[in-house]
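Take a look at the structure set out below.
Please treat every number below as a calculation from the coordinates, not as lab data. Because the structure is a prediction, the values reported are computed rather than measured. Note: ideal-geometry Cβ built from the backbone for every residue, glycine included; neighbour counts use all protein chains shown.
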Amino acid sequence: MAQDDWVGQLMRDFRDKLVGGLYEGVYALEGAPLIRVMDAQADACVQAFVALADIPPDLDFDAFLERMAISGPSRVRIDPVSDDELLWTELHEGECVCPHVRQGHVRLDPKLCLCGATWVRLLVERHARRRAEVELVESVATGAQNCVYRVRLREPLAEPASPVAP
């Protein structure tokens, strides 16, 4: 059993170094290629999060927002701006909640915030059932205590959105 633990740890260490190296390459990207990679990462993260937090897809938007205030990688405060706009504040207390960053495998870089903005957009669209535009206002990666996103709700979605092509 000790041998299996040692081999398992060796494989996890290898995977963690590989992920860190991949993100250094991702951070060198710009424009559409960077957005594509971060969208794919956010899509995978959303799928894992909703499964882990057991958030059903049919949960309406108000119930979803109430749930996000008490569950998730950090508490979320929602401040309505208008009927179609809100500020989504993730209360991080100066620490990034990306699991790769928290575990020290990936360096925190402002480009990682593209993943966070897509994560918020995908969750909002999933439960508001409307297209959403998400703009990063401030983030831990740029020196803020929390990550704040401006969310603008647009037209209804015909079907659930995903940035990742089949």
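For the residues ASP60, ASP84, the requirement of being touching a strand residue (DSSP E or B) at 6+ places or on another chain (Cβ under 8 Å) and either aromatic (Phe, Trp, Tyr) or loosely packed, with under 14 Cβ neighbours inside 10 Å (or both) singles out ASP84. Checked against (1) more than 16 Å from the chain's Cα centre (by Cα); (2) in a loop (DSSP other than H, G, I, E, B); (3) more than 22 Å from ASN146 (Cα to Cα), HIS105 passes all but condition (3). When LEU65, LEU114 are checked against the criterion of being surrounded by 14 or more Cβ atoms within 10 Å (Cβ to Cβ), part of a helix (DSSP H, G or I) and within 13 Å of the chain's Cα centre (by Cα), a single residue qualifies: LEU114. The single condition among (1) under 25 Å from VAL134 (Cα atoms); (2) in contact (Cβ under 8 Å) with a residue 12 or more places away in the chain; (3) among the small types (Gly, Ala, Ser) that ALA28 does not meet is (2). Within the range 68-80, being surrounded by 13 or more Cβ atoms within 10 Å (Cβ to Cβ) and either of a type in the set (Ser, Thr, Tyr) or touching a Ser or Thr at 6+ places or on another chain (Cβ under 8 Å) (or both) holds for SER71, SER74, VAL76, ARG77, ILE78.
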